[in-house]
Amino acid sequence: MIDHSVYMIKAALIAGARPNFIKIAALEKAFRANGSFKNTLIHTGQHYDAKMSDIFFRQLGMPEPDMFLGIGSGSHATQTARVMTETEKVFLADRPDVVVVVGDVNSTVATALTAKKMGIPVVHVEAGLRSFDEGMPEEINRIVTDAISDMLYVSEPSGMVHLKNEGVADSKMEFVGNVMIDSLRQFEDKARETHYAESIGLSKGRYFLITAHRPAMVDNDAQLALFGNALLGLSELGDVVFPIHPRTSKRLESIGLGEALASNPRIRLTEPIGYLEFMNLMMNVGLIVTDSGGIQEESTALLVPCATVRPNTERPVTIDEGTNVLMSLDVEAIVAAGQKALSGGWKKGAIPELWDGKASERIASHLVGFLS
Ligand code: UD1
Ligand code: UDP
């Protein structure tokens, strides 16, 4: 039993990959503001390029990580094992009272496993999401992390239903809202003030913003070629901006598609871009075409059109209530979606319950009670 009148809860906050940084930024601030926590921010190094990592720390006003584990890239087993080995050393040297993991990347499941086996309470933020597609590495990470976590914080109603169906006790789960949207709300004005879209000559509501990085799409030559054709089709309707994930960049080169896209004057291929600039592109977009998890949520929160090119989503509230639709990799259908969005015919959407910018605050206060 921890007496919080004299004791600060030692919380290890784990971030490894781009979406983690955005979620942990909100949690780190809320834990600090709560006053009961002593944070240790641990960066596993799963993502390490400045444009995939450092820029988020800078733009989101995060402190430097207390520890950088330098895990780097590798196969799933290698990456997961390295995170386990390194986090174990850290937790042995200075045992935290609680380990907080977010999302569904390899760093999430690996750290949860390490901590759980050391008897350290594990908290999973963004728990309960399910695509029911075990071909997605993230689905396996979600299932395993949820199964071993001591407290599960849930971002949308489907998460509560899934956890209940999996037999999780009511006392171990709490619907708190979405920490990704906490960061969005905190930085929305700053992002607007960058005027980034305008500064690179894009007209409001007239361009397409593209991202792709799921192995199911980009590691498959035929799928990636179809996606490239869809972008060529969209370029007949408006400018296309495509900040390219490093996984995808290598793949576009290897199938020779990068050049075909780059030679089109209406397609702008860029490196990954900063959070504030990316949010500005989202705010002013005609249509987003993506396979990202976080972008489905951010587009719903910003009430802008989003077409998710995937057969399923673990974030169904963005479809049922938000501005997101699922699409197959059908070039004509994607171009038709582009036409619909540019003509103002896209569904309007509504902001899901508790996506109000205060999820991290709710987690911090609930967790103090939970740990006592
Ligand atoms: C990872 C997550 C995925 C998440 C995505 C967010 C897993 C299993 N996957 O996918 O859930 O949606 O992050 O972006 O955890 N690379 C670089 N520089 C970097 C990082 C990666 O060049 O800073 C390249 C490397 O060649 C690496 C490849 O990208 O092999 C893939 O990186 P990895 O972290 O393994 O998976 P992601 O596809 O980024
Ligand atoms: N993002 C960004 N710059 C980019 C692409 C993405 O700032 O060039 C942000 C955006 O907020 C997105 C988040 O990074 O929601 C997570 O990105 P990603 O799609 O890589 O991860 P996922 O959410 O699919 O796991």
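Every number in this text was worked out from the coordinates using simple rules, so none of it is lab data. The structure displayed is predicted, hence computed values, not measured ones. We place every Cβ from the backbone using ideal geometry, glycine too, and count neighbours over all the protein chains shown.
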I'd like the residue in the range 33-52 that is free of Cβ contacts under 8 Å to residues at least 40 places away in the same chain and of a type in the set (A, V, I, L, M, F, W, C) and, out of all such residues, is farthest from Thr108 (Cα to Cα). Ala50
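Which residue, of Ile273, Ile255, is within 8 Å of ligand 2 (Cβ to nearest atom) and β-branched (Val, Ile, Thr)?
Values: Ile255 fails: within 8 Å of ligand 2 (Cβ to nearest atom).
Among Ile273, Ile255, only Ile273 is within 8 Å of ligand 2 (Cβ to nearest atom) and β-branched (Val, Ile, Thr).
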Say we look at the range 301-358 and pick out the residues that are part of a helix (DSSP H, G or I) and small (Gly, Ala, Ser); which of these is surrounded by the most Cβ atoms within 10 Å (Cβ to Cβ)? Ala341
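Scan Leu342, Leu354 and give me the residue that is away from ligand 2 (no atom under 16 Å from the Cβ), touching a Gly at 6+ places or on another chain (Cβ under 6 Å) and within 27 Å of Leu27 (Cα to Cα). Spell out how you get there, then give the answer.
Details: Leu342 fails: within 27 Å of Leu27 (Cα to Cα).
Result of the check over Leu342, Leu354: Leu354.
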What pairs come up if the first residue lies in the range 233-248 and is closer than 11 Å to Pro272 by Cα and free of Cβ contacts under 8 Å to residues at least 40 places away in the same chain, the second is away from ligand 1 (no atom under 11 Å from the Cβ) and among the β-branched types (Val, Ile, Thr), and their beta carbons are under 6 Å apart, counting only those six or more places apart or on different chains? Phe242/Ile210; Pro243/Thr270; Pro243/Ile273
List pairs: first residue in the range 190-213 and on the phi > 0 side of the Ramachandran plot, second residue more than 16 Å from ligand 1 (Cβ to nearest atom) anywhere in the structure, Cβ distance under 6 angstrom, at least six positions apart or on different chains. Gly205/Gly286
Picked from the range 49-83 (must be aliphatic (A, V, I, L, M) and away from ligand 1 (no atom under 14 Å from the Cβ)), the residue farthest from the chain's Cα centre (by Cα) is Met67
Might you let me know whether the range 59-74 holds any residue that is within 26 Å of Glu188 (Cβ to Cβ) and among the aliphatic types (A, V, I, L, M)? yes
Would you tally the residues in the range 234-249 being touching a helix residue (DSSP H, G or I) at 6+ places or on another chain (Cβ under 9 Å) and within 16 Å of ligand 1 (Cβ to nearest atom)? 7
Candidate set: the range 212-230, residues that are closer than 15 Å to Ala262 by Cα and not hydrophobic (A, V, I, L, M, F, W, C); chosen: the one nearest to ligand 2 (Cβ to nearest atom): Gly228
Inside the range 196-219, can you point out the residues that are among the acidic types (Asp, Glu) and over 25 Å from the mean Cα position of the chain (by Cα)? Glu198
Looking at the range 250-269 only, could you name the residues that are surrounded by 20 or more Cβ atoms within 10 Å (Cβ to Cβ) and not in a helix (DSSP H, G or I)? Ile267
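Of all helices (runs of 4 or more DSSP H) completely enclosed by the range 131-233, which ones contain at least 3 residues that are out of contact with any helix residue (DSSP H, G or I) (no Cβ under 6 Å at 6 or more places or on another chain)? Quick ask: steps written out before the conclusion?
Numbers: elements: 137-148, 157-165, 179-193, 196-199, 215-218.
Where helices (runs of 4 or more DSSP H) fall fully within the range 131-233 and carry at least 3 residues being out of contact with any helix residue (DSSP H, G or I) (no Cβ under 6 Å at 6 or more places or on another chain), they are 137-148, 157-165, 179-193.
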Give just the number: which of (1) surrounded by fewer than 16 Cβ atoms within 10 Å (Cβ to Cβ); (2) within 16 Å of ligand 2 (Cβ to nearest atom); (3) not in a helix (DSSP H, G or I) does Arg247 not satisfy? (3)
Entirely in the range 1-107, the strands (runs of 3 or more DSSP E) that have 2 or more residues that are out of contact with any Lys or Arg (no Cβ under 8 Å at 6 or more places or on another chain) and either within 16 Å of ligand 2 (Cβ to nearest atom) or under 29 Å from Thr248 (Cβ atoms) (or both): 9-15, 37-43
Among the residues of the range 294-315 satisfying the criterion of being touching a residue at least 40 places away in the same chain (Cβ under 8 Å) and farther than 20 Å from Leu329 by Cβ, which is farthest from ligand 1 (Cβ to nearest atom)? Leu303
